[in-house]
Amino acid sequence: MMFNTSGDRDPRVLLQPFINSDLDLVIFCTNMSGINGTADQQNFTTTEKIQLSRCENHLHVWTKLQNSSTPTLRLLNGDTKLPPPVCVPCLIIPSISEALNWITQGTDPSLAQSFQTISDHPLPQDLETADQVQVLITGSLHLVGGALACIQPDGLPVRHVDPELVRSYHKLKNNGLNSVPGMM
């Protein structure tokens with residue numbers, strides 16, 4: 001999972017539902033795409049330092065949530081025991097493109113940036129041997145938009161509208177139907 005928030009959202013509320021998920025890894029990254037020439041991804045209301053500080057806070061919140069969700073086991077003799085914690089590894093990566101490249105280990109051809117390993121953070125074994133990697137990108141629309149800019153730097157494909165579908169819509173509208181099924 002890649003996660004970030006913007007504004008004054010409470011990360012506990014957004015991260016809590018993922019505590020018992022079957023995640024292999026959580027990456028906290030800024031909302032900066034890390035790609036040159038993406039003017040629509042610029043945010044003049046914050047700095048890289050502020051965004052990295054927010055990532056550190058998210059990591060702290062995630063770690064605290066994981067530690068507080070560890071169940072207590074009651075033994076047959078009445079004693080209680082904490083099982084060894086099952087913590088989902090997490091780390092901070094400064095930009096979206098770096099995070100995506102690190103997750104895919106440079107194997108995804110749609111990510112044009114050069115790949116660099118992060119030696120302090122080896123990839124979890126499950127991800128290293130995976131044939132396919134699925135990444136949930138959540139918490140901020142800026143993060144999702146930045147990820148889309150990395151994956152499809154030329155933008156989304158042009159949509160082609162079926163002229164026959166448009167004619168049938170107008171025909172239904174002109175015949176007095178106030179609502180067309182599937183359309184508002």
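Please count how many residues of the stretch 2-27 are assigned to a loop (DSSP other than H, G, I, E, B) and more than 20 Å from I103 (Cβ to Cβ).
Of the residues in that region, 7 qualify.
Would you mention how many residues in the stretch 126-149 are without any contact (Cβ under 8 Å) to a residue 24 or more places away in the chain and under 14 Å from F28 (Cα atoms)?
1
Go through the stretch 120-137 residue by residue and tally those that are surrounded by fewer than 17 Cβ atoms within 10 Å (Cβ to Cβ), more than 14 Å from W102 (Cα to Cα) and at pLDDT 85 or above.
Number of matching residues: 1.
Hey, any hits in the stretch 57-76 for a residue that's at pLDDT below 65, among the hydrophobic types (A, V, I, L, M, F, W, C), part of a loop (DSSP other than H, G, I, E, B) and in contact with a strand residue (DSSP E or B) (Cβ under 7 Å, 6 or more places away or on another chain)?
yes
Quickly run through the stretch 26-48 and pick out the residues that are modelled with pLDDT of 90 or more and either surrounded by fewer than 16 Cβ atoms within 10 Å (Cβ to Cβ) or of a type in the set (A, V, I, L, M, F, W, C) (or both).
Listed by number, the residues that qualify are V26, I27, F28, C29.
The values are calculated or read from the model by the stated rules, or taken from the named source; none is laboratory data. Because the structure is predicted, anything quoted here is derived from the model rather than measured. Cβ coordinates were reconstructed from backbone atoms using ideal geometry, including for glycine residues, and neighbour counts include every protein chain displayed.
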